[in-house]
Each structure stands twice: as C-alpha cells, then as structure tokens.
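The values are calculated or read from the model by the stated rules, or taken from the named source; none is laboratory data. From a predicted model like this one, the values you see are computed outputs, not experimental measurements. For neighbour counting, all protein chains shown are included, and Cβ atoms are generated from backbone atoms with ideal geometry for every residue, glycine included. Ligands, DNA and RNA are stripped out before the accessible areas are found, and what is left, the full protein with its side chains, is counted by its heavy atoms. Shrake-Rupley method; radii C 1.70, N 1.55, O 1.52, S 1.80 Å.
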6 protein chains.
Amino acid sequence: MPIVEIKITDENVTAVQKNRLVSGATQLMVDVLGKDPATTFVLISEISTVDWGIGGVSVAELRRGASTSLDI
Amino acid sequence: MPIVEIKITDENVTAVQKNRLVSGATQLMVDVLGKDPATTFVLISEISTVDWGIGGVSVAELRRGASTSLDI
Amino acid sequence: MPIVEIKITDENVTAVQKNRLVSGATQLMVDVLGKDPATTFVLISEISTVDWGIGGVSVAELRRGASTSLDI
Amino acid sequence: MPIVEIKITDENVTAVQKNRLVSGATQLMVDVLGKDPATTFVLISEISTVDWGIGGVSVAELRRGASTSLDI
Amino acid sequence: MPIVEIKITDENVTAVQKNRLVSGATQLMVDVLGKDPATTFVLISEISTVDWGIGGVSVAELRRGASTSLDI
Amino acid sequence: MPIVEIKITDENVTAVQKNRLVSGATQLMVDVLGKDPATTFVLISEISTVDWGIGGVSVAELRRGASTSLDI
C-alpha cells in the first residue's frame, strides 16, 4: 500500500523516463518491503523551475547561471 | 483548522464535482471533529494519468488496457 | 484511485472518529467521482499544536489564549 | 536540508514575488535554524481557485461573492 | 534536485530496509534522470495503521481481519 | 490563505525556534503576497534522521560521518 511521490523540476522528462520511474519505484517497494504492487501508487510532480528554489534562488535563475556557482 | 488534500487522476472532473468534494470534505470535518468550516481548507490536485502509477505502470497505460488486467 | 490526506491538530482524536474520517472520505470519493473504494486511500496526520501555526502563532499558544482573540 | 513547500492560490503571482518567497523562506531557515542554504529547497505550488476550498466553498466562488461573506 | 517521499504503514520496518529505500530511490533518480545524488532527498514517513485507510476501513482493522477480505 | 509546510530533520529544534518559524513564514506571506495572517497556516514536520536521506544515505549515517564527506 505504499505511496511514492517524486517531485522533480519540469525539464523535458520523457514518457519513457516516467514509466521507468513508476516501474522502478514500485519494484523498490516490492524488493525491500515485500509490498503488493497492485496497491502501490507512484505519483510524479513536475515543478516549474521558477517554482523550485535552492540556495535562495530559483532553479530558473541557476540554469541561466545568473547568481550562483552551485553545481546541481 | 483541518487541511484535506484530495489527489485524483485528471480525467474529466467537472466543476460541480469539485464543489461537491469541497463541501463534502468540509462537512465531514464538521460532523466528525466539530471543526470550524471557516478555517477548514480543501485542496484538490488533478494529476495526469501519465504521472500516476499503480501496479508498476501508469494509469495512462492501464486505461489503454496495454499491460494489466487490474480493475481499478 | 484517489488519495485523501487529512491533516488535523493532535487534540484527542479518538479511534472511532478516525474510522469515521476514513469511511466518510472514502464514501465521498465513491459518491462524487464513482471511484472504487478498494483503491481509495485515506491518510490521517495528527500534528502537534506546537507545530501548527495560524495567524502567526502556534495553536498551542492560541489554546492558552496568550496572544490572539482568533476564534477557530 | 530543509524543504519549504508554499501552497497559494493561483492569482497573478509575479516572478518577482516568487523570487522573494524563495529567498525569504531560505533566509528564515538560515536565521532560525542555522541551515545551509545550498541544501535548502523551496517549492511553490499555485493552486487554481476552483481547486481550493475554504468554508465549504471554492475560492473561485468566494471571489465572485456568491456564497459567503468571509473576508480572506 | 529531486525529492522522493515514501509513505508506508508503520509495521516493523527495519533500519536496514530504510537504508535500502534511501539508496534505491536515489539510484533511481540517477539512473533514469541523471540527477546528482548530492541534492537528491528521500523522506520516509511511517504512518500508523490506525491512520491509513483503504476500502473504507483502517489498515488496523484490515490486519485484524475484521471487515474485509481485501488481500493487500 | 497560504499553507507553508516546513520539513526539517528532528535535531533538537526548540519551541522558541518553532515560534520564530511560524511567525517568520507568516510574515513572509503578508509582506510578499499581502495575505491575511488569520488564514495563513504554517505546519512544521520534524523527520527523524533515519528517515531522511541525502546523497543516497540517511542523515543519521551522515552525522556519524560514516559514509560521505558531504558538508550539509
């Protein structure tokens, strides 16, 4: 019955990658905890880079190289 | 002061249905816990069927009948 | 397949009340959206009154009447 | 390493305001808890007024003045 | 910079299992999305079986076999 | 009507610090967005260091210096 919520920046994630996230996270619940995949939920949230901050600035700014040398 | 967050797949939910979710969830807090509706929040998140997985595959795939016989 | 997450302050909620929250929220998903209860999850989080703020102060302080006349 | 998630109604929030939310929330973690900004995440979710309920009605309805005199 | 939140019932999960959840979920982000593990967060929430409902009843009741034949 | 959820590791956060988080996050919503504090919620979640992973290992392990030189 686990719920796995994956929050990532919205940066060109493909349908194939999403499918791999769903299957991989589900398999992790099976392998580690013996959970039933039929009641294992995986939810993916893509969050705009203007809405995700790290180091006090948005990822959108980081990607423009504007204000930090953080390597993330 | 409760917060009720409702996560559902994004599949043609109508405005009328959303209003019923808000009023129904709020009333549940009043009836069961005696909460004040004025400080009861209800948040609805519609999540794309490509971003919601169950049984190791996305709901989008399930709806196409591609890979499982799960009846959900 | 809905997920309903209910966040409330931790103030003497009984097992009977929790059961009513679970059954009531599930029934709401059935009645309004036609969802299958077998894949409807309800999660209840009780949050300490020192960890929940409203109006700029914690509910713990509000309950002591210390710093506000908010009626919630 | 804190995560700060800010949920607000989707009502014309500007990029400048979002940047201030990110920098302000990050600074709060530094000032109060001594956290490292490099591992402090801030996530902003803008939620449609039809998906946010208070007092048993959606904010969309409240903004139209339809069903309540709540002043929020 | 992903955040992976894993919600499971509180039923004797060991420290070794938790470590495997953390490393497995992190590796999934690296393998599928090329993310940097240094800024990949994994959060595990164990939720009491009285606070998790499925099929309209709590998991605590399900485990007692009281009210359903759901096999989860 | 904003909701601010602050997730931090459970490492000796004091009541005074929590009060400062609540007041500071509320004030941020007022200053940046002009929100009404009376309907601004702040929720603090303290998460055990065994339940929070970064860099593929738990913070508990990091604090023991066992497996990484990450400075967080």
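Quick notes on this one:
- Three principal axis extents of chain E based on alpha-carbon atoms, in descending order, are 46, 22, 18 Å.
- For B:Glu11, inter-copy separations between label points set 7 Å beyond Cα along the Cβ vector come to 2.6, 3.3, 3.3, 3.8, 4.4 nm, shortest first.
- Cross-link pairs exceeding 18 Å between alpha carbons, from the set D:Lys35/F:Lys18; B:Lys7/D:Lys7; D:Lys18/F:Lys35; C:Lys35/E:Lys7: C:Lys35/E:Lys7.
- The residues of the stretch E:3-47 expose, per residue, 36 Å² of accessible area to a 1.4 Å probe.
- Calculated mean residue ellipticity at 222 nm for chain A: -10500 deg cm²/dmol, from DSSP H runs with n ≥ 4 weighted as -39500 (n - 2.57), summed, divided by the residue count and rounded to 500.
- Percentage relative contact order, the stretch C:3-64, counting C-alpha pairs under 8 Å, at least six apart: 43
- Per-copy distances of the C:Ser45 label point, shortest first, in nm (7 angstrom along Cα→Cβ): 0.3, 0.3, 0.9, 1.0, 1.0
- Inter-copy label distances at F:Asp31, using a point 7 Å along Cα-to-Cβ, come to 0.5, 4.4, 4.5, 4.5, 4.6 nm with the shortest given first.
- Measuring from the axis that maps chain C onto chain F, the chain C residue with the nearest beta carbon and its rounded distance in angstrom come out as C:Ser45, 5.
- Cα centroid of the stretch E:7-28 to Cα centroid of the stretch C:1-47, whole Å: 25
- Distance histogram for the protein assembly as shown (every C-alpha pair counted, 20 angstrom bins, percent rounded to whole numbers): 26, 62, 12
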